[in-house]
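K.L.:
Structure in structure tokens, see below.
Nothing in this text is a laboratory measurement; each read-out follows from the coordinates by a stated rule. All figures in this text were calculated on a predicted structure; none of them were measured in a lab. Don't worry about glycine lacking a Cβ; one is built from the backbone with ideal geometry, like all the others, and counts go over all protein chains shown.
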Amino acid sequence: MRPQPSRVVRAMFGYSVNQLDLEKREDILSLVEPDPNARMLDCGCGDGSFTLEVARRIGTSNIQGIEILTEYAAQASSRGISVSHCDLNVTLPFRDESFDVVLALHVIEHLHATDLLLKEVRRILRVGGYAIFQTPNLAAWHNVAYLLFGKQPVEAQVSDEVIVGSWTGPVAACLSLEGPAHRRNFTSGALRELLRFHGFTSVRVLGTGFLPLPRPLARVLSRVDRWHATNITAKARKGKPARPAGDEPGPQGA
Amino acid sequence: MTSPIPGLGKRLLKFWSDGAEVEYQGGVLKLLEHHPTARFLDCGCGDGEFAQAMAEKIGTADVNGIDVVTEKIEASGRRGIKVFQGDLNRKLPFPDASFDAITAVQVIEHLTNTDLFVCELYRILRTGGYAIVVTPNLASIHNIMYLFLGKQPVTASVSDEFLVGTCYPGEKVLDAVHKQPSHQRVFTLGALKGLLEHHGFEVEKAMGTSFFPLPGSLARVAARVDGRHAIHLLVKARKHR
């Protein structure tokens, strides 16, 4: 009797994740601005397939990627993306103001030098350029439910080797740890305030996806209750420097 | 979210965090075993005050500490603790099987390399030795409340420079609660147990201490009944053959 329900759960989970995936992509594509001359950087580009999709939407062919996993980096290169094989926890190998668009999708939660990445993204953006971030939401309702049961949210990983203390049950097969696992977990307010703290302007934060609901419903709910949406998508711009260069950006109003 | 009385939230937070500190320290002292010839190491010993108290409880004079902050090391040294300077994200500067008891109080949540740290604890413990790990609980009642409100739990910090997204707007990192570098990973009871077991430890005791928002003895009872939602987690794990 056991395999039957678990197959159903797995199918439901697969469906939800698929819906969420579409939602995630849609939100990013809706935030980019068409500009055929844009220089674009995708931090953590993976195999490069979505990088190309975004580039197509922007209308540019000037695409740079960063990827730490060798296998993915090779796949992205074979797709025609120029890939730097480097770590996002250290200074990025690009000159100041060398990009118009920087993407960091499901990347920032894997880093321990969170502040450094945000500073680096701002440094390599030209004035007026923008960055798009996407990360899981620690305050998503399913994570709250996990915590109510005393379980570790699957996204709040404590090890790079195993998922422990969590309820993975029938979906364990869908989860895999490759490369460094998650470290810091954001809520939408935290991402917004941190981006402002590091000097970004016109910070816009959206809720994306609402597990386990199907897309039309998730779309509405993630907009109404963005604090508890499954993912957070943020777009932030590098404004004109208000202070002399080299000055530390001060805390912005919360 | 401005509170009607300025600083009330922060004062309440300090009240609870101070009370909770007394609780988990008492819990650790209770789990330590009397062993006058024990070689004892406190990871992240800070100014050494609590390391000294733990050594007294064990009854040993062989007290070692390791910390990354230079001033803390000097303070610990003045108390007669043998202090090493080192980053707990890297290999520890001790040979295999050098200690009988190791404590890591409010340390593991600051590390990015949690797997290496637990492996290293296991390596430098002698067979039959034990480690005690204390860390804040992500699943504590107040953290669940924060998440219900869509706020960042203070303990789940995302920056080493500024406290963002919490109910305490505009705060520079809270000195009383947070020290540099800030937290990287936050645990629940099952996750802490699971991590130690994954790296070969046998978990002997896994419990919670303090329970928001209850005072003293009530909190102790609640933490015993529902440790998974307590404020702090306390795990004692042994290295078996």
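K.L.:
Tell me, in nm to one decimal, what length is gained between B:Arg79 and B:Phe15 on full extension, where the rule is 0.36 nm per residue of separation less the Cα-Cα distance?
P.N.:
Contour length minus Cα-Cα distance gives 20.3 nm.
K.L.:
Taking each residue in A:105-118, count the Cβ atoms of any other chain within 10 Å of its Cβ, then average. What number comes out?
P.N.:
On the way: counts 0, 0, 0, 1, 1, 0, 2, 8, 3, 7, 6, 1, 0, 2.
Across A:105-118, the average partner-chain Cβ count within 10 Å equals 2.
K.L.:
What angle do you read, to the nearest 10 degrees and between 0 and 90, between the alpha-carbon axis of helix A:215-224 and the longest principal axis of chain A?
P.N.:
For helix A:215-224, the angle is close to 60 degrees.
K.L.:
Karplus couplings for the range B:70-79 from phi (6.51 cos²θ - 1.76 cosθ + 1.60, θ = phi - 60°), rounded to Hz, Gly and Pro as x?
P.N.:
Rounded to whole hertz, the list is 4, 5, 5, 4, 5, 4, 5, x, 5, 8.
K.L.:
Which whole-number percentage describes the relative contact order of the range A:25-130, with Cα contacts under 8 Å and a sequence gap of 6 or more?
P.N.:
Taking the mean separation of contacting Cα pairs over the length of the range A:25-130, I get 27 percent.
K.L.:
Taking every Cα atom in the protein assembly as shown, find the radius of gyration and the maximum pairwise distance Dmax, and write them in Å.
P.N.:
Cα radius of gyration and Dmax of the protein assembly as shown are 23.5, 74 Å respectively.
K.L.:
Tell me, what ³J(HN,Hα) does each residue in the range A:54-60 have, in order and in whole Hz, if you take phi through Karplus 6.51 cos²θ - 1.76 cosθ + 1.60 with θ = phi - 60° and put x for Gly and Pro?
P.N.:
Taking θ as phi minus 60°, the curve returns 5, 4, 4, 5, 5, x, 10 Hz for the range A:54-60.
K.L.:
Let me ask something else. Return a whole-number percent for the relative contact order of chain B, with Cα pairs under 8 Å and 6 or more residues apart as the contact set.
P.N.:
Computed over chain B, the figure is 19 percent.
K.L.:
Further, regarding this structure: Over the range A:35-90, calculate the relative contact order: mean separation of alpha carbon pairs under 8 Å at least 6 apart, over the residue count, as a percent.
P.N.:
Value for the range A:35-90: 37 percent.
K.L.:
Quick one: A:Thr233, B:Thr103, B:Thr112, A:Thr168, fewest Cβ neighbours within 10 Å first, how do they rank?
P.N.:
A:Thr168, B:Thr112, B:Thr103, A:Thr233
K.L.:
Identify all lysines with a Cα-Cα distance to A:Lys151 below 20 Å; exclude those on the same chain that are fewer than 8 residues away in sequence.
P.N.:
Partners within reach: B:Lys151, B:Lys193, B:Lys205, B:Lys236.
K.L.:
Please report B:His240, A:His198 as a ranked list, fewest other C-beta atoms within 10 angstrom at the top and most at the bottom.
P.N.:
Values: B:His240 10, A:His198 22.
With the fewest neighbours first, B:His240, A:His198 line up as B:His240, A:His198.
K.L.:
Multiply the residue gap between B:Arg238 and B:Val68 by 0.36 nm, knock off their C-alpha separation, and tell me the result in nm, one decimal place.
P.N.:
Between B:Arg238 and B:Val68, full extension yields an extra 58.6 nm.
K.L.:
Could you work out the mean count of beta carbons from other protein chains within 10 Å of each residue's beta carbon in A:142-154?
P.N.:
6
K.L.:
To make sure I understand, if each residue's beta carbon is the centre and we count other beta carbons within 10 Å, what order do A:Asp100, A:Asp115, A:Asp87 fall in, fewest to most?
P.N.:
Placing the least packed residue first, the sequence is A:Asp87, A:Asp115, A:Asp100.
K.L.:
In whole Hz, with x marking every Gly and Pro, tabulate ³J(HN,Hα) for the range B:211-227 from phi via Karplus 6.51 cos²θ - 1.76 cosθ + 1.60, θ = phi - 60°.
P.N.:
Per-residue couplings from phi come out as 8, 5, x, 7, x, x, 6, 4, 4, 5, 5, 4, 5, 6, 6, 10, x Hz.
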